[in-house]
1. For region 162-178, which residues satisfy the criterion of being under 18 Å from GLY81 (Cβ atoms) and in contact (Cβ under 8 Å) with a residue 12 or more places away in the chain?
2. Go through (1) surrounded by fewer than 14 Cβ atoms within 10 Å (Cβ to Cβ); (2) in contact with a His (Cβ under 8 Å, 6 or more places away or on another chain) one by one and return the number of the condition GLY70 breaks.
3. For PRO129, indicate whether it is in contact with a His (Cβ under 8 Å, 6 or more places away or on another chain) and not basic (Lys, Arg).
4. Going by the structure shown, is ALA84 under 30 Å from ALA168 (Cα atoms), among the small types (Gly, Ala, Ser) and surrounded by 15 or more Cβ atoms within 10 Å (Cβ to Cβ)?
5. Are there any pairs, at least 6 apart or on different chains, whose C-beta atoms fall under 9 Å, with the first in region 149-161 and closer than 22 Å to ARG87 by Cβ and the second among the aromatic types (Phe, Trp, Tyr) and modelled with pLDDT under 95, and if so, which?
6. Working only within region 95-148, note down all residues that are among the aromatic types (Phe, Trp, Tyr), in contact (Cβ under 8 Å) with a residue 60 or more places away in the chain and in a loop (DSSP other than H, G, I, E, B).
7. Would region 63-77 turn up any residue that is in the same structural domain as PHE145 (by TED's automatic domain parsing) and touching a Gly at 6+ places or on another chain (Cβ under 9 Å)?
Amino acid sequence: MTEHVSSDGFADYLAGLLDPRADDELEAHLFSCRSCALEAEKLAGLAVAVHRAVPPVLTAGRFEELEREGRIAAVNAVLPGRIAEARFPPAEKLLVLRLGGSDLSRARRVDMELLDLDGKVLARFDDVPFDVARGEVLVVCQSHFADLFPPDMVFRLERLVGDTREEANRYTVLHALR
């Protein structure tokens, strides 16, 4: 391989999508081309960062993976109609809110809104992962969110049943910043 490696080529290599011959050629090129080796190092760092990134709403599988990695500091069960208190963990750890107690058995989709205590919509997440059997949505509170949202908020879940949108529940969470 005499040409420099494209970004797509690096991405395919990091994702393990190249056939063995192309993989060997790319690795040989990286040993002989300082420019491509430096670029590969940057992209590998980006790949690690993407893998470590945590979305605001988790699937049960991603939750279990984060738990095995020791990245979850606490899990708070939050029920509708009650005010829950949560404390942000250290920056490298995660707080998971189990928004439970909802009947999601007929839902084909669940959407979530974040509202301030006055009811103003701050953010909307469409088609979030949800656990039908447990009737819950797993939300991640991360300390860097403290700069984006007020510490006290309401999470509103909506379920789509057939073509009808219904409010499933509201959850009020007061966050202590430390």
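1. Residues of region 162-178 that are under 18 Å from GLY81 (Cβ atoms), as a first pass: 166-174.
Within region 162-178, ALA168, ASN169, ARG170, TYR171, THR172, VAL173, LEU174 meet the criteria.
2. For GLY70, the exception is condition (2).
3. Values: in contact with a His (Cβ under 8 Å, 6 or more places away or on another chain): no; not basic (Lys, Arg): yes.
Judged against the criteria, PRO129 is not a match.
4. Working: under 30 Å from ALA168 (Cα atoms): yes; among the small types (Gly, Ala, Ser): yes; surrounded by 15 or more Cβ atoms within 10 Å (Cβ to Cβ): yes.
Criteria met by ALA84.
5. These pairs meet every condition: PRO151/PHE88.
6. Listed by number, the list is empty, since nothing qualifies.
7. Filtering region 63-77 for residues in the same structural domain as PHE145 (by TED's automatic domain parsing) gives 63-77.
When the remaining residues are screened for being touching a Gly at 6+ places or on another chain (Cβ under 9 Å), the result is 77.
Yes, there is a match, as at least one residue in region 63-77 is in the same structural domain as PHE145 (by TED's automatic domain parsing) and touching a Gly at 6+ places or on another chain (Cβ under 9 Å).
Yes/no per residue for (1) on the phi < 0 side of the Ramachandran plot; (2) modelled with pLDDT of 95 or more; (3) surrounded by 18 or more Cβ atoms within 10 Å (Cβ to Cβ):
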{"residue": "LEU95", "(1), (2), (3)": "yes, no, yes"}
{"residue": "ARG98", "(1), (2), (3)": "yes, yes, yes"}
{"residue": "ARG109", "(1), (2), (3)": "yes, yes, no"}
{"residue": "ASP126", "(1), (2), (3)": "yes, yes, no"}
{"residue": "HIS144", "(1), (2), (3)": "yes, no, no"}
{"residue": "PHE155", "(1), (2), (3)": "yes, yes, yes"}
{"residue": "LEU160", "(1), (2), (3)": "yes, yes, no"}
{"residue": "ASP163", "(1), (2), (3)": "yes, no, no"}
{"residue": "HIS175", "(1), (2), (3)": "yes, no, yes"}
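The values are calculated or read from the model by the stated rules, or taken from the named source; none is laboratory data. Source: prediction; values computed, not measured. Note: ideal-geometry Cβ built from the backbone for every residue, glycine included; neighbour counts use all protein chains shown.
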